[in-house]
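Participant: Below are the structure tokens for one structure; questions will follow.
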Amino acid sequence: MLFGNNDMDKYSLSFEGIVEFVTVADARGFSEAARRLKCSVSHVSRQVSRLEQRLGTALFARSTRSVNLTENGRQYYLQCQELVSGLSQANETVTGAQSDLQGTLRISMAGSFAEQFVAPALVAFAKLHPQLSVELDFSTRRVNFVEDGFDFAIRYGRLQDSGLVARKLADRNLMAVASPDYLKENGEPSEPEALVKHSCLITNNDTWLFERDGKEVPVKVSGRFRSNNANAIVDACKAGLGIGYMPKSSFQNAVTEGSLIPILEPFWTQNITSWVVYQNRRFLPLKARLAIDYLLEHFKDWNE
């Protein structure tokens with residue numbers, strides 16, 4: 001026998017409330033945690049309070065409007081999240097839960113590629129798993145996977161945070177375009193450096209990267225219209241407000257119909273990657289692992 005009766009009672013007690021605690025932290029509230037756990041709010045609150053009493057410290061800072069982790073709570077959460085995820089993964093493996101995913105899958109994404117291609121793929125994934133809830137948050141802000149409760153994110157371009165796992169989803173090519181009216185009035189630039197004399201439609205940054213003879217050509221641009229929404233940039237470009245430079249898929253329909261004209265084609269940057277990004281942790285929830293695998297398979301032969 002590995003444990004005596006007293007030791008076993010103490011061992012079992014040490015895990016009481018941990019699942020509730022992690023769920024409240026993930027859900028950022030007791031009501032949502034109770035919904036996810038399919039129990040009463042009073043049960044969740046009671047379990048967390050008992051856990052706090054045993055630990056001798058407050059894990060949450062509670063107010064009428066929000067529930068936030070304390071500093072001790074944040075440190076405890078980072079450890080307990082691994083524990084709960086590992087236990088969940090072990091249970092899923094044994095019970096074969098792959099065919100009956102449950103809970104909520106939260107994904108952060110932004111951009112026209114995510115809207116036009118990734119979101120429909122996730123709709124198809126959700127349809128395969130009727131017990132799974134899927135939440136898509138469209139925002140360009142940098143997310144904190146722990147505090148914001150996201151399972152993974154879809155991001156585009158060069159990544160800098162080495163603390164995250166990034167898996168290639170699709171390679172994409174950039175395209176510079178302008179409306180016929182804009183080009184008639186302002187002329188067509190013959191090289192990237194000439195853009196400094198033009199009105200440019202700015203998305204996330206005002207330094208555009210082109211290529212010449214295999215080398216990067218950065219150009220700092222300016223203009224009177226800026227938006228982090230690709231559709232708004234396309235509309236502004238069609239209206240003649242300036243030159244746009246985004247992935248080809250964002251402009252393809254407008255180019256096909258003739259409302260926008262490609263320019264500077266020899267200098268377009270090729271193979272800018274869209275990524276699936278997630279926290280570098282030992283146990284990734286099964287719902288996230290299967291969703292990521294589904295997306296990677298879905299886009300493995302994708303061409304822009």
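Participant: Using 0.36 nm times the number of residues separating Asn303 and Asp213, minus their current alpha carbon distance, what extension gain do you get?
Facilitator: This chain segment gains 30.0 nm when fully extended.
Participant: Would you mind calculating the gained length between Arg158 and Leu128 on full extension (0.36 nm times residue separation, minus the Cα-Cα distance), in nm to one decimal?
Facilitator: Contour length minus the Cα-Cα distance gives 7.6 nm.
Participant: After finding the eigenvalues of the alpha carbon gyration tensor for region 172-235, what semi-axes result from the square roots of 5 times each, listed largest first in whole Å?
Facilitator: Here the semi-axes work out to 18, 16, 11 Å.
Participant: Round to the nearest 10 and give me the degree value, 0 to 90, for the angle of helix 286-298's Cα axis relative to the longest principal axis of the chain.
Facilitator: Result, in degrees: 20.
Participant: Cross-link partners among lysines for Lys287, C-alpha distance below 21 Å, same-chain residues fewer than 8 apart left out?
Facilitator: Straight-distance partners of Lys287: Lys38, Lys127, Lys168, Lys300.
Participant: With both partners inside the chain, how many of the DSSP beta bridges are antiparallel, as a percent to the nearest 5?
Facilitator: Antiparallel: roughly 70 percent of the beta bridges in the chain.
Participant: Gln79 to Asn271: FRET efficiency via 1/(1 + (r/R0)^6), r the Cβ-Cβ distance, R0 35 Å, to the nearest 0.05?
Facilitator: Details: r = 40 Å, r/R0 = 1.13.
Efficiency for this residue pair is about 0.35.
Participant: Roughly what angle does helix 71-95 make with the longest principal axis of the chain, taking Cα atoms, 0 to 90 degrees, to the nearest 10?
Facilitator: Around 90 degrees separate the two axes.
Participant: Related question: Farthest toward the dipole's positive end in the chain, which of Val143, Gln75, Ser190, given Cβ charges of +1 (Lys, Arg) and -1 (Asp, Glu) about the Cα centre?
Facilitator: Selected residue: Gln75.
Participant: Here is a further query. Using a cut-off of 11 Å between beta-carbons, work out the net charge of the residues near Gly29 (Lys and Arg +1, Asp and Glu -1, Gly29 not included). All intermediate terms of the calculation are to be shown ahead of the outcome.
Facilitator: On the way: positive: Arg28, Arg35, Arg36, Arg62, Arg65; negative: Asp26, Glu32.
Here the charged neighbours net out to +3.
Participant: How big is the Cα convex hull of the chain in projection, averaged over all directions, in nm²? Present the calculation step by step, with values, prior to reporting the outcome.
Facilitator: Numbers: hull surface 82.0 nm².
For the Cα atoms of the chain, the hull's average projected area reads 20.5 nm².
Participant: So what's region 5-79 giving for Cα Rg divided by 2.2 N^0.38 Å, two decimals?
Facilitator: It is 1.09.
Participant: Once both axes come from the Cα atoms, what is the angle between helix 41-55 and the longest principal axis of the chain, in degrees from 0 to 90, rounded to 10?
Facilitator: 70 degrees
Participant: Considering the alpha-carbon set of region 169-304 alone, what are its Rg and its Dmax in angstrom?
Facilitator: Rg, Dmax (Cα atoms, Å): 17.3, 57.
Participant: Additional query: Using the Cβ atoms and a cut-off under 15 Å, what net charge is assigned to the surroundings of Arg226, where Lys and Arg are +1 and Asp and Glu are -1?
Facilitator: Numbers: positive: Lys220, Arg224; negative: Asp206, Asp235.
That sum, taken over residues with Cβ under 15 Å, equals 0.
Participant: Between Glu191 and Arg226, what is the label-to-label distance in nm when each label sits 7 Å out along the Cα-to-Cβ direction?
Facilitator: 2.8 nm
Participant: Give the lysines reachable from Lys184 as a straight Cα distance under 21 Å; neighbours fewer than 8 places away on the same chain don't count.
Facilitator: List returned: Lys197, Lys238.
Participant: Treating only the Cβ of Lys, Arg, Asp and Glu as charged (+1, +1, -1, -1), what charge dipole size does region 5-79 show about its Cα centre? Round to the nearest 20 debye.
Facilitator: My answer is approximately 320 debye.
Participant: Here's a follow-up. In the Gaussian network model of the chain, springs joining C-alpha atoms below 10 Å, which of Glu115, Glu185, Glu135 carries the largest mean-square fluctuation?
Facilitator: Maximum among the listed residues: Glu185.
Values quoted throughout were computed directly from the atomic coordinates according to the rules given, and no laboratory measurement underlies them. Because the structure is a prediction, the values reported are computed rather than measured. Cβ atoms come from the backbone with ideal geometry, glycine included; neighbour counts cover every protein chain shown.
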